[in-house]
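The values are calculated or read from the model by the stated rules, or taken from the named source; none is laboratory data. Predicted, not measured: the structure shown is a model, and the values here were computed from it. Cβ: placed from backbone, ideal geometry, glycine included. Neighbour counts: every protein chain shown.
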Amino acid sequence: MGNEVRKGYKEVRIGPKKLEIPREWKVSTIEDICETYAGGTPRRSNEEYYEGNIPWVKSGELNQNYIDEIEECITQKGLENSSAKWVPSNNVLVAMYGATAGQVGFLRTKATTNQAVLALLPKDNLCQPLFLYQTLSLNMNILVAQRTQGSGQQNLNQTLIREMEIPLPPSEEQKKIATILSSVDKAIEKTDEIIDETKRLKKGLMQELLIKGIDHEEFKEVKIGPKEIKIPIEWELYNLNQICEISGGYAFKSKKFIEDKCDKSYQVIRMGNVKMSFLDINKNPVYLHEDKLSERAYNYLLKKRDILITLTGTVSKRDYGNVVIIEEGDKYLLNQRIGHIQVNDDRVDNRYCYYYLQTKVFRDRFFLDGKGGTGKQENISINDVKNMEIPLPPIKEQKRIAKILSFVENKINKRQEYKESLEQLKKGLMQKLLTGEVRVEC
């Protein structure tokens, strides 16, 4: 009895999966309901083909997103002398290969695409474009996981996508589902705009407060690396090692890592977990059980208020130097290639130090010491960090500055949490609405 199909539903097979969908829904292939075609790339060696006024979408721009602004444009000559093709607005794009294979985008403006992007144009109103975008956002990862081709990269092709099956409700139900999910998308977009605006405010405040201070009229010139800047006359200039203890992480053996957290384990913080002003503990988390830890390993146990900075990235890309502050102590172990900064000096407010390390002045100084490693890798040493300069106001002013910046950062964090709750809401709605588990009234 436990395997009986619910009343009003039928059992179907889509790829390797069995699922129940409403009786009036169909299972259709993309080929049944869409015209599909890929674009092309004009010859890069011909300058006449680029920097025109024809928007040209590349696969890297697809990320389960709405596409309004496009990074690159080609010329009419570039269009005529390549396989690039126009795609009308309000249609779905799918990345077929490269790092974003399987990612979906909804094109909200007329544009052309390169050959790694497949355009899906619904036929004769068989499928609502926004419904198609939402259902592919949910289901494309299944196709990528089950039917990818190529080695090293998860590549798709037009045939695989055209053969992909999706559950398809009647047209009016498609519209209702798309409207509900799109309303959540709009709330996420609006929240993103507020977050970006608040981040710009924080960046401007940091540049002003951490270099010019509060209500100063007299300034003096000091050198940060080779660059001269003006700071308030009452401020002093120190090297970081004069006011902080600075050390590196430990090369924990990856073969001892476990992927499941337990009561007697510590998460190992690796470079991918350290974003700018955000510790992403959900990014490929790994743990070490306390039974596997040597006595020395506990020297790398992070404390509350410790500051971290990443020390390795890509040559000339400035994709490292990310700074975070630890809000909960005795939970994390620090892996190699991350700097560990501990402020144990009464002259210094650790949040002031944390914010200064995010300024353009400090980052310009930081990247001057980048040295080539293996291939395209660039590194900063712990000794380099120790010798970097920091302008230091009196402690009372440091605390005032840190309080202002913390207020703004808290606003960003709250908006980020709200955005994450919206994303979780949408994820749940997609799972229920796009499979017919929950019906909408038409």
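Descriptive notes on the structure:
- First in the range 420-435 and without any contact (Cβ under 8 Å) to a residue 40 or more places away in the chain, second anywhere and not in a helix (DSSP H, G or I), Cβ under 7 Å, 6 or more apart: 432/438
- Comparison of 24, 20, 11 shows that the only residue that is touching an Asp or Glu at 6+ places or on another chain (Cβ under 9 Å), at negative phi and part of a loop (DSSP other than H, G, I, E, B) is 24.
- Flag not set for residue 233, criterion: in contact with a Lys or Arg (Cβ under 8 Å, 6 or more places away or on another chain) and either buried (at least 16 other Cβ atoms within 10 Å of the Cβ) or outside the structural domain of residue 270 (by TED's automatic domain parsing) (or both).
- Of the strands (runs of 3 or more DSSP E) contained entirely in the range 50-107, those carrying at least 3 residues that are over 24 Å from the mean Cα position of the chain (by Cα) fall at 50-57.
- The sole residue among 406, 421 that is under 30 Å from residue 261 (Cβ atoms), in a helix (DSSP H, G or I) and touching a Lys or Arg at 6+ places or on another chain (Cβ under 8 Å) is 406.
- Checked across the range 382-401, the condition of being assigned by TED's automatic domain parsing to the domain that holds residue 314 and under 30 Å from residue 193 (Cβ atoms) holds for no residue.
- Residue match in the range 99-110 (condition: under 25 Å from residue 10 (Cα atoms) and of a type in the set (S, T, N, Q)): no
- Taking the range 312-393 and the strands (runs of 3 or more DSSP E) fully enclosed by it, the elements with 1 or more residues that are touching a Cys at 6+ places or on another chain (Cβ under 8 Å) and within 28 Å of residue 252 (Cα to Cα) are at 338-343.
- Long-range neighbours under 6 Å by Cβ, at least six apart or interchain, first residue surrounded by fewer than 22 Cβ atoms within 10 Å (Cβ to Cβ) within the range 313-329, second at pLDDT below 95 and among the basic types (Lys, Arg): 314/376; 315/376
- Here residue 110 fits the description: at pLDDT 90 or above and under 30 Å from residue 50 (Cβ atoms).
- Which numbered condition residue 376 fails, given (1) in contact with a strand residue (DSSP E or B) (Cβ under 9 Å, 6 or more places away or on another chain); (2) modelled with pLDDT of 95 or more: (2)
- Of the residues making up the range 299-312, those that are among the hydrophobic types (A, V, I, L, M, F, W, C) and surrounded by 18 or more Cβ atoms within 10 Å (Cβ to Cβ) are 302, 307, 308, 309, 311.
- Any hit, the range 370-385, residues being closer than 20 Å to residue 242 by Cα, surrounded by fewer than 18 Cβ atoms within 10 Å (Cβ to Cβ), out of contact with any Phe, Trp or Tyr (no Cβ under 8 Å at 6 or more places or on another chain) and free of Cβ contacts under 8 Å to residues at least 12 places away in the same chain: yes
- Answer from 145, 187 - the residue that is among the aliphatic types (A, V, I, L, M), part of a helix (DSSP H, G or I) and at pLDDT below 95: 145
- For residue 196: the one exception among (1) of a type outside the set (Val, Ile, Thr); (2) under 30 Å from residue 50 (Cβ atoms); (3) in contact with a strand residue (DSSP E or B) (Cβ under 7 Å, 6 or more places away or on another chain): (3)
- Top-ranked residue of the range 206-222 - restricted to ones that are free of Cβ contacts under 8 Å to residues at least 24 places away in the same chain and in a helix (DSSP H, G or I), ranked as nearest to residue 397 (Cα to Cα): 212
- Residue check, residue 268 closer than 23 Å to residue 319 by Cβ and either out of contact with any helix residue (DSSP H, G or I) (no Cβ under 6 Å at 6 or more places or on another chain) or among the charged types (D, E, K, R) (or both): yes
Per-residue answers, yes or no, for (1) under 28 Å from the mean Cα position of the chain (by Cα); (2) part of a helix (DSSP H, G or I); (3) modelled with pLDDT of 95 or more:
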position	(1), (2), (3)
252	yes, no, yes
260	yes, no, no
284	yes, no, no
288	yes, no, yes
291	no, yes, no
304	yes, no, yes
308	yes, no, yes
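- Of all residues in the range 87-133 being hydroxyl-bearing (Ser, Thr, Tyr) and closer than 17 Å to residue 72 by Cβ, the one that is surrounded by the most Cβ atoms within 10 Å (Cβ to Cβ): 113
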